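Reading through the structure tokens given below for one structure.
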């Protein structure tokens, strides 16, 4: 697709040894999602085949990096190959994550095989820094992955917007208050990150603007603008924990579970509005009554098909004592 408003994309093609790539990952020259366990998509056979290609000098696809700033690169494409290299070269992972070559770990290889692996070369395409790059980078990623395994929106955000905000969300995802309420799994492909990020994004808006809230677009813009804003990350993190503590202390840890499953509708219509009320220092007096009314609406299917902004507004009005029938 031709985009006349974009500057020409400048790229540089080089080759790097596996040893160089591993060193740059360790030194964080190439930024890497440290929570790798959730990012693994390749099967053991795919990982082994990639290693076999390197060991036998077969051609392998390019890695694509974006030069965010001098001596700092973001991964556009090739995360599964990098994970395979990382897990194979380093042994501080459990057996579930361990990558082997012909059933051997890196330590079990001969010195000749180790050197052959470390000296194997991989083609790398570096996309030079450019203003307003995010749409271009996303477009490159999409084009490279047509027909491949799709990433979720949050997996793409983790790749492209690493920084203080996502680091704080990662910490919150492991907090006992959130784990008590969410009851998710490690295999949910960062759904919990996205829910926390949605809370942060709404808290960053004046309430009257929530009527125009478009979930994915708003989250992307918020994260892009605030990825390195540590003060805001800390502030919204504390508000999030205060909200969870308030809810669990009064209603217990099962409030978001309906029919044995986590209820997204209740998260939007109950947790987020309470966060807004706490943010604005508005007292919540009718918590039990409001919660019962909202759970009945969810049970009757009245929240299905509604936009996030509509759920938030309904919950906010009910928690504020509005008796209007929705």
Within region 47-70, of all residues that are modelled with pLDDT under 85 and under 24 Å from the mean Cα position of the chain (by Cα), the one surrounded by the most Cβ atoms within 10 Å (Cβ to Cβ) is 68
Do we find that residue 298 is outside any loop (DSSP other than H, G, I, E, B), free of Cβ contacts under 8 Å to residues at least 60 places away in the same chain and assigned by TED's automatic domain parsing to the domain that holds residue 191 in this structure? yes
Determine whether region 80-87 contains at least one residue that is in contact with a strand residue (DSSP E or B) (Cβ under 7 Å, 6 or more places away or on another chain), closer than 18 Å to residue 53 by Cβ, at pLDDT 85 or above and in a helix (DSSP H, G or I). yes
Would you call residue 198 in the same structural domain as residue 216 (by TED's automatic domain parsing) and surrounded by fewer than 18 Cβ atoms within 10 Å (Cβ to Cβ)? no
Qualifying positions in region 248-267 - within 18 Å of residue 198 (Cα to Cα) and part of a helix (DSSP H, G or I): 264, 265, 266, 267
In region 246-267, anything touching a helix residue (DSSP H, G or I) at 6+ places or on another chain (Cβ under 7 Å) and in contact (Cβ under 8 Å) with a residue 60 or more places away in the chain is listed as 247, 248, 253, 255, 256, 262, 267
When region 295-317 is examined, which residues are found to be farther than 25 Å from residue 237 by Cα, surrounded by 13 or more Cβ atoms within 10 Å (Cβ to Cβ) and out of contact with any strand residue (DSSP E or B) (no Cβ under 8 Å at 6 or more places or on another chain)? 297, 302, 303, 306
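Have a look at 41, 3 and point out the one that is in a loop (DSSP other than H, G, I, E, B), surrounded by 14 or more Cβ atoms within 10 Å (Cβ to Cβ) and modelled with pLDDT under 90.
Of the residues listed, the single one that is in a loop (DSSP other than H, G, I, E, B), surrounded by 14 or more Cβ atoms within 10 Å (Cβ to Cβ) and modelled with pLDDT under 90 is 41.
The values are calculated or read from the model by the stated rules, or taken from the named source; none is laboratory data. Remember, predicted model here, so these are calculated numbers, not experimental data. Cβ: placed from backbone, ideal geometry, glycine included. Neighbour counts: every protein chain shown.
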